[in-house]
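Everything below concerns the one structure shown next.
The values are calculated or read from the model by the stated rules, or taken from the named source; none is laboratory data. Please read all numbers here as calculations on a predicted model, not as lab measurements. Glycine also receives a Cβ, built like all others from the backbone with ideal geometry; neighbour counts cover every protein chain displayed. Please note that ligands, DNA and RNA were not included when accessible areas were found on the heavy atoms of the full protein model with its side chains. Shrake-Rupley method; radii C 1.70, N 1.55, O 1.52, S 1.80 Å.
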Protein chains: 2
Amino acid sequence: MREALTMDLYELTMAYSYFKRGLNGPATFDYFVRAPTEHRRFLIFAGLETLLDYLENLRFEPEDLAYLESLGLFDREFLEYLRGFRFRGEVWAVPEGEVVFPGEPLVRVSASRIEAQLIETFLLNALNFETLIASKAARVLLAAGLEASVVDFSPRRDHGVDAALKVARASYLAGFAGTSNVAAGRAFGIPVVGTMAHAYVMSFPDELSAFRAFAEDHPNPTLLIDTYDVLEGARNALRVAQELRARGRQLFGVRIDSGDLAALSRKVRRLLDEAGFPEVKLIVSGDLDEYRIQAFREQGGVAWGYGVGTRLGVSWDLPALGGVYKLVEDAHGPRIKKSAGKLTLPARKQVWRLEEGEGFRDVIGLEGEDLPGRPLLRKVMVDGRRLEPPADLRALRERVRARIFALPEPLRVIRLEEAPAYPVGYSARLEALVRRL
Amino acid sequence: MREALTMDLYELTMAYSYFKRGLNGPATFDYFVRAPTEHRRFLIFAGLETLLDYLENLRFEPEDLAYLESLGLFDREFLEYLRGFRFRGEVWAVPEGEVVFPGEPLVRVSASRIEAQLIETFLLNALNFETLIASKAARVLLAAGLEASVVDFSPRRDHGVDAALKVARASYLAGFAGTSNVAAGRAFGIPVVGTMAHAYVMSFPDELSAFRAFAEDHPNPTLLIDTYDVLEGARNALRVAQELRARGRQLFGVRIDSGDLAALSRKVRRLLDEAGFPEVKLIVSGDLDEYRIQAFREQGGVAWGYGVGTRLGVSWDLPALGGVYKLVEDAHGPRIKKSAGKLTLPARKQVWRLEEGEGFRDVIGLEGEDLPGRPLLRKVMVDGRRLEPPADLRALRERVRARIFALPEPLRVIRLEEAPAYPVGYSARLEALVRRL
């Protein structure tokens, strides 16, 4: 994937003008998500590693430059500048996996104006999407509950192959147990899961033959029991479980992918338990999301695990995040922009998180202020080089998962009846600066 | 992007079992979209080129095999089989850009069972997404009208970098005029468009200086006039237009990206016309889609062109397409699957399109039937090699655009009040086969 040119043309036409006029002094841009954000009471920040990789490796290759020359928009001097282009800026950011809120600065880029501008499109593409998915995954986890194992089944409906990789990583970061996407397993070391489709069952003369064959060929078989009739499928699976037990082996689980999942899951669970197989796990799947998992549990559905696909991978109820990247300071000082209902907070800022009883409250203030609480933004890149290697994903996942299940009750609500209110305020000095500008 | 492993693990666990048992006889799978499909009265088929490229080039590289070995699920013999794996099947498909309907077979793959199975995830990922976007783009075009120029502004909200490329291509295929995505311009030869962001205007002491600078640096400037006040911005743009005219040049256009677009567009258009600049084009943007463009026009908004971003790139009102890939025939004959409200039509099929007055009607029948009308499925790949090079994208776009605007009136409705009905029926022989199975 040639990523350097993943940019809106206007990044280049603006850069060209800055270049011609020597308007390349220092500039600072903030990434933040516009508030309010429908259906989301909190966000899980993600995409930073994708961004930092891009910033470290951004180069215009000879073929990129040849293409840009062919557009007839840029002179030779500018193309030479691009040939030597490196991102040499400074980046502050909230760590991946942090709980954050719309309105808060999450990434702050300080660089020459051209460097800061040229990276805009890629930055937004990476942060908007990965934060979108990690935030959706967190809600799915909350609906499924602390005991459940939830996995990503989305690749067939994700928006391309890069999306499939990013969905697997962002949902794992939030606390999913694994993904069906083998490419993501290889790329990120995420556990991969999956057993059989209906086509497998249909490739044998009958269901029982298919189950026996699969159990013989695989060490920890999970059998898909809804190709024909779920209860009949469960009985066939039970026979295989008995045959395996006789040989000192074990059936790992059964999966139901269609029908009235809540009712069927109860019946199947009872069948398995009454036959003396409480250890056989029950996995449900089929167009699930946090709303449907919540309804499934309210209706008495029982499951050890959930496979979540389409509605996770495209974040069905909110398919894009309104993240923006705005100029907040340049050589002339803090910059502010106010238009129809939208305000961009000026200057270099920090976010302080104050623990308050069971919950917390954030205050956005100016960099350099001395406010109580834990500062969320940390310096992660200087002179275009990251200061630390990427965090270990497995260890990070454990912490993020624990953090999500420890969220205060009001943030954990799945069905938001009214517009979400975020526990975010401003420092007195920031408010004064906004008024002055 | 390593694509070979963009597959659900179960494709490999099923293939492994088939391999161990010599269950690798011929199999045929259909790709089709489940009906009904919310908010869509027709689809524009796309993604075939992505699929055919993948099928021609699918290889498991040594690092892929090392990773698969590390999973401990597969024996050496199977890994050796994968090392030599090539897709050698036959593919029939509807041409890209064709108007199609949910329920119709759009791609038919006949290959060994393992070959046909292993490609499932990638096939669905490519066809579902590109068809989703081309279909959304067609609706946006219909709302904008035949005279309007519509461009893709979505990269910052698309689901990753591959999605951004595919959105640009699929929307151009449907008849968009261009994209802001430079990478897509380079990859597919799509015209690239774009001029300036608010940050550019804010990088100058005042708006007029910014407009003058930009017009001096670029041959066909479009000025963004809503950074501060739209009407004031329009007056500043007019001054630049006058200055350019005095030097024998021309202002290409102005863009409004916020506020009450319909009202503002009328006022700005009048300002430009009354000042003697009817040739200056007016472009509107800002969270547009087919519903909002229709409302804009109903409210008397006037625009030469539209920039459409987020809601196109994620297909906001339908963020995923329910396309599936199902076994329809194997060595034992036609296969059928019926589950809760879902039917998979058995056997190798063809779709015939019958022109009827202003409209048309499709009939799904069995391959080999002699039915009136134009057959939609064509043989595009034999023994894993495509039969023809990809169609020229620019020429194809012209035809598809014309086809969309020539659709019969009932298919062109933007706001669908009721579940869509598709003009699709079945041949007598297919119906008889379904009853028999």
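Assorted remarks:
- With respect to being more than 20 Å from A:Val109 (Cβ to Cβ) and surrounded by 21 or more Cβ atoms within 10 Å (Cβ to Cβ), A:Pro389 falls outside the description.
- From A:Val161, A:Val182, residue being open to solvent by less than 20 Å² (accessible area, probe 1.4 Å), modelled with pLDDT of 95 or more and touching an Asp or Glu at 6+ places or on another chain (Cβ under 6 Å): A:Val161
- Screening A:Asp64 against (1) under 27 Å from the mean Cα position of the chain (by Cα); (2) among the acidic types (Asp, Glu); (3) surrounded by 18 or more Cβ atoms within 10 Å (Cβ to Cβ) leaves a single unmet condition, (1).
- Test: A:Glu3 is farther than 15 Å from A:Gly323 by Cβ, of a type in the set (D, E, K, R) and not assigned by TED's automatic domain parsing to the domain that holds A:Glu418: yes
- Which listed residue, of B:Gly189, B:Gly175, is open to solvent by 10 Å² or more (accessible area, probe 1.4 Å) and under 21 Å from B:Ala391 (Cβ atoms): B:Gly189
- Look at (1) within 12 Å of chain B (Cβ to nearest Cβ); (2) more than 25 Å from A:Gly322 (Cβ to Cβ); (3) touching a residue at least 60 places away in the same chain (Cβ under 8 Å); (4) outside any helix (DSSP H, G or I) and you find that A:Gly22 fails only one, number (3).
- Any hit, region A:250-258, residues being among the small types (Gly, Ala, Ser), modelled with pLDDT under 95, within 30 Å of A:Ser135 (Cβ to Cβ) and out of contact with any Pro (no Cβ under 6 Å at 6 or more places or on another chain): yes
- Residue check for B:Glu298: acidic (Asp, Glu), out of contact with any helix residue (DSSP H, G or I) (no Cβ under 6 Å at 6 or more places or on another chain) and surrounded by fewer than 19 Cβ atoms within 10 Å (Cβ to Cβ): yes
- Restricting attention to region B:245-283, the residues that are within 14 Å of chain A (Cβ to nearest Cβ) and among the β-branched types (Val, Ile, Thr) add up to 2.
- Picking from residues in region A:313-340 that are facing chain B (nearest Cβ under 9 Å), more than 24 Å from A:Ala137 (Cβ to Cβ) and part of a loop (DSSP other than H, G, I, E, B), the one that is most open to solvent (accessible area, probe 1.4 Å) is A:His332.
- Checked against (1) touching a residue at least 24 places away in the same chain (Cβ under 8 Å); (2) part of a helix (DSSP H, G or I), B:Gly425 passes all but condition (2).
- Subset tally (residues that are touching a helix residue (DSSP H, G or I) at 6+ places or on another chain (Cβ under 7 Å) and open to solvent by 20 Å² or more (accessible area, probe 1.4 Å)) for region B:342-365: 1
- Residue in region A:42-86 that is farthest from the other protein chains (Cβ to nearest Cβ), counting only those that are closer than 27 Å to A:Asp162 by Cα and basic (Lys, Arg): A:Arg86
- Filtering region A:276-293 to residues that are open to solvent by 40 Å² or more (accessible area, probe 1.4 Å) and outside any strand (DSSP E or B) leaves A:Pro278, A:Glu279, A:Asp287, A:Tyr291, A:Arg292.
- Condition check for B:Val284: over 28 Å from B:Val140 (Cα atoms) and of a type in the set (Val, Ile, Thr): no
- The residue that is least open to solvent (accessible area, probe 1.4 Å), counting only those in region B:212-228 that are at pLDDT 95 or above and out of contact with any helix residue (DSSP H, G or I) (no Cβ under 7 Å at 6 or more places or on another chain), is B:Thr222.
- Test: residue in region B:155-174 that is outside any helix (DSSP H, G or I) and more than 8 Å from every other protein chain (Cβ to nearest Cβ): no
- Count of residues meeting criterion [over 12 Å from A:Ala303 (Cα atoms), open to solvent by less than 40 Å² (accessible area, probe 1.4 Å) and either assigned to a helix (DSSP H, G or I) or small (Gly, Ala, Ser) (or both)] in region A:246-269: 1
- Single residue of region A:186-197 satisfying the filter (farther than 24 Å from A:Ala210 by Cβ and in contact (Cβ under 8 Å) with a residue 12 or more places away in the chain) that is nearest to the other protein chains (Cβ to nearest Cβ): A:Ala187
- Residue in region A:1-17 that is within 11 Å of chain B (Cβ to nearest Cβ), basic (Lys, Arg) and under 15 Å from A:Gln117 (Cβ atoms) present: no
- Residues being more than 10 Å from every other protein chain (Cβ to nearest Cβ), buried (at least 24 other Cβ atoms within 10 Å of the Cβ) and over 16 Å from the mean Cα position of the chain (by Cα) are represented in region A:200-211 by at least one member.
- Subset of region B:189-235 (residues that are assigned to a strand (DSSP E or B) and over 19 Å from A:Lys20 (Cα atoms)): B:Val192, B:Leu224
Yes/no per residue for (1) assigned to a strand (DSSP E or B); (2) touching a Pro at 6+ places or on another chain (Cβ under 9 Å):
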residue: A:Asp362; (1), (2): yes, yes
residue: A:Leu371; (1), (2): no, no
residue: A:Pro390; (1), (2): no, no
residue: A:Val400; (1), (2): no, no
residue: A:Leu407; (1), (2): no, no
residue: A:Arg415; (1), (2): no, no
residue: A:Ala421; (1), (2): no, yes
residue: A:Ala432; (1), (2): no, no
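- Checked against (1) farther than 22 Å from A:Ala148 by Cα; (2) in contact with a strand residue (DSSP E or B) (Cβ under 6 Å, 6 or more places away or on another chain), A:Gly233 passes all but a single condition, namely (2).
- B:Ala27 vs. criteria open to solvent by less than 10 Å² (accessible area, probe 1.4 Å) and outside any helix (DSSP H, G or I): yes
- Criterion (surrounded by 15 or more Cβ atoms within 10 Å (Cβ to Cβ), in contact with a strand residue (DSSP E or B) (Cβ under 9 Å, 6 or more places away or on another chain) and more than 29 Å from B:Pro105 (Cα to Cα)) met by exactly one of B:Leu71, B:Leu52: B:Leu71
- Among residues of region B:37-57 that are under 17 Å from B:Ala391 (Cα atoms), those with a Cβ under 6 angstrom from a residue that is open to solvent by 30 Å² or more (accessible area, probe 1.4 Å), sequence gap 6+ or separate chain, pair up as B:Glu49/B:Pro390; B:Leu52/B:Arg386.
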